[in-house]
Amino acid sequence: MELMPVGLRGLMIAVIMAALMSSLTSIFNSSSTLFAIDIWQRLRKKATEQELMIVGRVFVLILVAISILWIPIIQTANSGQLFDYIQSITSYLAPPITALFILAIFCKRINEPGAFWGLMFGLVVGLIRMVMEFIYRVPSCGEEDKRPAVLKEMHYLYFAIILCALTAIVIFLVSLCTPPVPEEKLAQLTWWTRHFKAPEIRLENQTCVSAEMTSSKEENDLHSIPWENRDLEHEEYREVKHPCWKKVYFWFCGISTTPKPILTRDEQAALERKLTSIKEEPLWKAICNINAVILLAINVFLWGYFG
């Protein structure tokens, strides 16, 4: 900050705060989704959509409380420098995910057991290094450095490179020792199969099941309608005006009160093809690629110049 003029300091602080808020919101959103879908829904298999939304938002509040309680630890770690703390923690936890992401895109042989055990290996090794960072403090100027060699002689950025390589090796070896993913299930999932046509899903059975679920749900909704509104149709009941407290409740749960459009089988198939399509217009594809190269070059220059 001391190298920048007065006007640009405030702009840089605003940029840092915006990036921090964006990162926190994405982390909170992803964590709450993982907890609600992967953990809570396993404990309560009949959980409703409203319950999952409430659980997810309460979990976000818990994460915010944990983040506030974690501030003293950040102040004591890495001499209280927030940037070094963020970079070091990222170097311990992000390399396994990076290795898995790259291998899953460019290698068709990677499968689920390899991904799982690779992530477990990388997580354990990264946590060991992170715990050692908290246990062994950086000595002051003039003091003898009695930390282990893995801390004293290896910077956390070099450790991140080694951890990424080790995780990639574990993922690849475990994947080779286990059955591969069938070729037909890799359509549009890897770089080499991105243009393969995905097998069409027959919607006859799914349509029948969804129709039965919809009819049973409508019957339950009709039973829950007050007696004075029994003469209303289902669509009109969905558009009924709710009291203020119920609107606040729906807003907190993230539930929309507007009726959902009913799609036919052809419309649903067309929507599915549109959502899963990876086709790009040549003009915008070229613009995005050029901007990516320019931004990458600028970032590398700034990192090398100020680093």
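Give the ranking of H242, H155 by solvent-accessible surface, highest area first, calculated with a 1.4 Å probe.
H155, H242
First measure r as the distance between the Cβ atoms of I68 and F252, then evaluate 1/(1 + (r/R0)^6) with R0 = 25 Å and state the FRET efficiency to the nearest 0.05.
Working: r = 22 Å, r/R0 = 0.86.
In this case the efficiency is close to 0.70.
Could you check the simple spin-label distance between I13 and W284, using points 7 Å along Cα→Cβ, in nm with one decimal?
Once both label points are built, they end up 3.8 nm from each other.
How much solvent-accessible surface does S256 expose, in Å² to the nearest 10, with a 1.4 Å probe and all protein chains in place?
Accessible area of S256: about 80 Å².
Please give the contour-minus-distance gain from W245 to A165: 0.36 nm per residue of separation, less the Cα-Cα distance, rounded to one decimal in nm.
Using 0.36 nm per residue and subtracting the Cα-Cα distance, I get 23.4 nm.
According to a simple spin-label model (label point 7 Å from Cα along Cα-to-Cβ), what is the distance in nm between L3 and M120?
Going by the 7 Å Cα→Cβ label model, 4.5 nm.
With every protein chain in place, what's the accessible area of T178 (1.4 Å probe, Å², nearest 10)?
Around 30 Å² of this residue is reachable by solvent.
Could you compute the FRET efficiency for K260 and S30, with r as their C-beta to C-beta distance and R0 at 22 Å, rounded to 0.05? Can you show the working numbers first?
Numbers: r = 25 Å, r/R0 = 1.15.
With a Förster radius of 22 Å, E is 0.30.
Would you tell me the accessible area of M4, worked out with a 1.4 angstrom probe on the heavy atoms of the protein chains, in Å² to the nearest 10?
Here the residue's solvent-accessible area equals roughly 50 Å².
Leaving ligands and nucleic acids out of the surface, order D38, D84, D266 by accessible area at 1.4 Å, largest first. Write out the running numbers ahead of the final one.
Details: D38 80, D84 45, D266 115 Å².
Ranked from most to least accessible, the order is D266, D38, D84.
Over region 1-118, with the other protein chains present, what is the accessible area per residue in square angstrom, probe 1.4 angstrom? Please list the in-between numbers first.
Numbers: 8180 Å² over 118 residues.
Ligands and nucleic acids excluded, the figure is 69 Å² per residue.
Taking a 20 Å limit on the Cα-Cα distance, which of the listed pairs K108/K185; K46/K274; K46/K185 fall beyond it?
K46/K274; K46/K185
Please find the FRET efficiency linking A269 to I37, where r is the Cβ-Cβ separation and R0 is fixed at 30 Å, and quote it to the nearest 0.05.
Taking R0 as 30 Å, the efficiency between A269 and I37 is 0.75.
Could you calculate the contour length gain from D145 to L157, that is, 0.36 nm times the residue separation minus the distance between their Cα atoms, to one decimal place in nm? Please list the in-between numbers first.
Values: separation 12, 0.36 × 12 = 4.32 nm, distance 1.96 nm.
Length gained between D145 and L157: 2.4 nm.
The values are calculated or read from the model by the stated rules, or taken from the named source; none is laboratory data. All of these numbers come straight from a predicted model, not from anything done at the bench. Cβ sites come from the backbone with ideal geometry, for glycine too, and all protein chains shown count toward neighbours. To get the accessible areas, we keep the full protein, side chains included, count just its heavy atoms, and leave off ligands, DNA and RNA. Shrake-Rupley method; radii C 1.70, N 1.55, O 1.52, S 1.80 Å.
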